[in-house]
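These notes concern the structure reproduced below.
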Amino acid sequence: DRNAYVWNYQEQDGYWKPCLVLLRINRAATFVRWSPLEDRFAVGSGARLLSICYFDPEHNWWVSKHIKKPIRSTILCVDWHPSNHLVAIGSCDFKCRVFCSALKELGDKPQTSNWMPKLNKFGTLLAEFDTNNGWVHGVQFSPSGNQLAWVAHDSSVNVVNSANLTKVHTVLTSNLPYSCLLWMSESSFAAAGFNYCPDLYTVTADGVTFTAKMDVKKEKSGGGAAMSAMARFQKLDVQGQSETGGTTVDTTHENCITEIRALSRNPATGAVSKFSTSGKDGRLVIWNFDALSSSLGGLKI
Amino acid sequence: MSKNVNSTQFRTVDVDAYDEDNYEDDARETGDSGAAEVTERANQVRGLLNQLKTKEALKMALKNPPVGNKDASVKEQNYETVVSVLKSFKAADIDAAVADLDMVEIDILMKYLYKGFTCSPDKAASLLQWHEKVVAKGGLGSIVRVMVDRKGI
């Protein structure tokens, strides 16, 4: 309905009270994310603009400010930089962009960094990356904010380091496209999507490499090849199939994975120790990354 | 009954042309081949094929396709070059040739295979042999990149 709502928990009454935020968009909102300091949030929409909303205590009202140029199509995903002042978006015009979202009204004092070599005002485009042909489904800054990774519909995975904004490391994968990604630590991230399985990628100074599929295939009970004669005849009679396999999927998710979020982090290193994925098959799966790394044979993150 | 019952002319109006917010691809200059380079390449490839250097011919034919070129005949010419190379391969050699290509060349080859399916469906059998081997190396991702490609090879 082209609006956003902020829900505040009422302590005395014990329920969540919604507060309307007028986004002033003329198409649907597609994505929303709170900033790291949780004083503002960003909403991406089909109206080709990004709304940054913050609370104005004078009027007791959430105000939205727009970033419009030069976004040319629906925004699919948004991510905040850990500094709270930069925001990255991926959109259907095949580009990934980084904008400055420092607000004077909230007393922001942004620092210059590799992303923003000189102080810019709200809404300035800091960087733009082209993915040739794919809608950008997922974008995320690394935990330190120095690297930016995005996954696109042309089955590619791209990473850029703010130290060298012209060099984008791309991996053209041989899988179906990914729709979401999550940085596990500064040097590795997991991507998941139409493959039904999260994959782990490692980032080094030379580039990005595929490390492992994180869904260890289950051993089917009874085995694939050792089907009894009776079962075989039954299958032929009922389903018309003479061989095993074909209709079952051997990954945990049975349909596209749409979202991957960190669940808990290792307190010492800040790396993700558990994460969850949810998909179009209606499943919410929690993965224990620490256990997986040991079973997949010494994966280092 | 409403007035405008007989004429369905309005259904042929291109609504997108009137939409001022309509997305248009950037018409950027890219470093792709022009007509001269394509002809030059066709000659080189023919030379290599005469010397029976099929693997080198394939690599040469797949280099720098005229993607951004607005002239359809240039694209047609490059397509003919590629098809002539593919035809010259024996079934047993396809494996070795595909193993030699890197991911970018695999993507380009896949685009030409799909173009072949549409343009010359009678040759589909031999193209399908190539398709099977290319998918073994490039995977479903290379097919996705063919579908997603906007400029057309």
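Each reported figure results from applying straightforward, stated rules to the coordinates on display, with no laboratory input. In this text, all values refer to a predicted model and were calculated from it rather than measured experimentally. Note: ideal-geometry Cβ built from the backbone for every residue, glycine included; neighbour counts use all protein chains shown.
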In the Gaussian network model of chain B, springs joining C-alpha atoms below 10 Å, which of B:82, B:134, B:104 carries the largest mean-square fluctuation?
B:104
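Okay, helix-only estimate at 222 nm for chain A: each DSSP H run of n ≥ 4 adds -39500 (n - 2.57), divide by all residues, round to 500 deg cm²/dmol; what do you get?
-1500 deg cm²/dmol
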Roughly how many nanometres apart are two label points built 7 Å out from the Cα toward the Cβ at residue A:105 and residue B:11?
4.9 nm
Over 32 Å (Cα to Cα) - which of A:213/B:75; B:123/B:151; B:63/B:90 fall in this group
A:213/B:75
Can you tell me which lysines have their Cα less than 22 Å from the Cα of residue A:69? Leave out same-chain residues fewer than eight positions away.
A:95, A:104, A:118, A:121
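For the protein assembly as shown, what is the per residue volume of the convex hull drawn over the alpha-carbon atoms, in cubic angstrom? Present the calculation step by step, with values, prior to reporting the outcome.
Numbers: hull volume 128.1 nm³, N = 454.
Taking the convex hull of the Cα positions in the protein assembly as shown, it is 282 Å³ per residue.
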Separation of the range A:94-167 and the range B:47-98 by C-alpha centroid, Å?
39 Å
Amide H contacts of residue A:124 (H built 1.01 Å from N, under 5 Å, at least 5 apart or other chain)
A:100
Computed label-point distance, nm, for sites residue A:73 and residue B:72 using a 7 Å Cα→Cβ extension:
2.4 nm
Binned Cα-Cα distances of the range A:1-90, short to long, each 10 Å bin given as a whole percent
17, 47, 29, 6, 1
Distance from the range A:1-54 to the range A:168-198 (C-alpha centre basis), Å:
28 Å
Chain lengthening between residue B:88 and residue B:128 when straightened (0.36 nm per residue, less Cα-Cα):
12.9 nm
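Using helices alone, what [θ] at 222 nm do you get for chain B, with -39,500 (n - 2.57) per DSSP H run of 4 or more residues, divided over all residues and rounded to the nearest 500? Each step should come with its number before you reach the end.
Details: 7 runs with 93 residues, N = 153.
Per the formula, -19500 deg cm²/dmol.
Taking only complete DSSP H runs, can you tell me which helices of chain B stretch 15 Å or more along their own long axis by Cα positions and average at least 0.5 on the Kyte-Doolittle scale?
Values: long enough: B:35-50 (23 Å, -0.39); B:72-87 (22 Å, -0.19); B:103-119 (24 Å, 0.67); B:124-148 (24 Å, 0.72).
Membrane-span-like by this criterion, though nothing is claimed about a membrane: B:103-119, B:124-148.
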Which residue fluctuates the most in chain B, going by a Gaussian network model with Cα springs under 10 Å, if the choices are B:40, B:20, B:56?
B:20
Residue separation between residue A:284 and residue A:20 times 0.36 nm, minus their alpha-carbon distance, gives in nm 92.1 nm
